[in-house]
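Undergrad: Input: one structure, supplied below.
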Amino acid sequence: MAKSKNFVFDGGAGTYVGTAILAFLITLFTLGICYPYALVLMQRWKAKHTYIKGFQLKFTGTGIGLLSQWIKWFLLTIITLGIYSFWVYPRLQQWIVEHTDFSGKRPVTPNLEQSQED
């Protein structure tokens, strides 16, 4: 199967592992309360390494912006004895997509040779 020329991802293992460990520690040490901040950290990493037709993505969401939603979803899940949890994932994905945009920089072609070595 041919690779897409419209979508490019240049993230490497080194930066991913560091970002993932930090996100995990944020979530662990706050007992999940600051999970929205960890999610934002990971989404920023993904967007920074994703290009669509040469345009880099940028994640504009903030932890504080998601925190109020997260608390609301958590409480609704408890009140409905878990039933609302089926709506949480689609709502979370909607929030992520609505806070992802193009960085505004000129199109670039990332160095794919280097990213495959990471």
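Undergrad: Just Ala13, Ala47, Ala38 to compare: in a GNM of the chain, with alpha carbon springs under 10 Å, which one fluctuates most?
TA: Of the options given, Ala13 has the highest mean-square fluctuation.
Undergrad: In whole angstrom, note down how far apart the Cα centers of region 1-40 and region 45-108 are.
TA: 13
Undergrad: Quick check: residue separation of Gln69 and Ala2 times 0.36 nm, minus the Cα distance between them. What number comes out in nm?
TA: Length gained, Gln69 through Ala2: 20.1 nm.
Undergrad: Can you tell me what the convex hull of the Cα atoms of the chain projects to on average, as an area in nm²?
TA: If you wrap the Cα atoms of the chain in a convex hull and average its projections, you get 9.0 nm².
Undergrad: Sticking with this structure for a sec: Using just the C-alpha positions of region 1-48 as equal point scatterers, what log10 of I(q)/I(0) does the Debye formula give at each q in 0.23, 0.26, 0.28 1/Å?
TA: -0.79, -0.91, -0.98
Undergrad: Please build a GNM for the chain, connecting alpha carbons under 10 Å apart, and tell me which residue among Trp87, Trp70, Trp95 fluctuates the most.
TA: So, out of Trp87, Trp70, Trp95, the one fluctuating most is Trp87.
Undergrad: Also: Mean residue ellipticity at 222 nm from the helices of the chain, using -39,500 (n - 2.57) per DSSP H segment of n ≥ 4 over the full residue count, to the nearest 500 deg cm²/dmol?
TA: It comes out at -18000 deg cm²/dmol, rounded to the nearest 500.
Each reported figure results from applying straightforward, stated rules to the coordinates on display, with no laboratory input. No experiment lies behind these values; they were computed from the predicted model shown.
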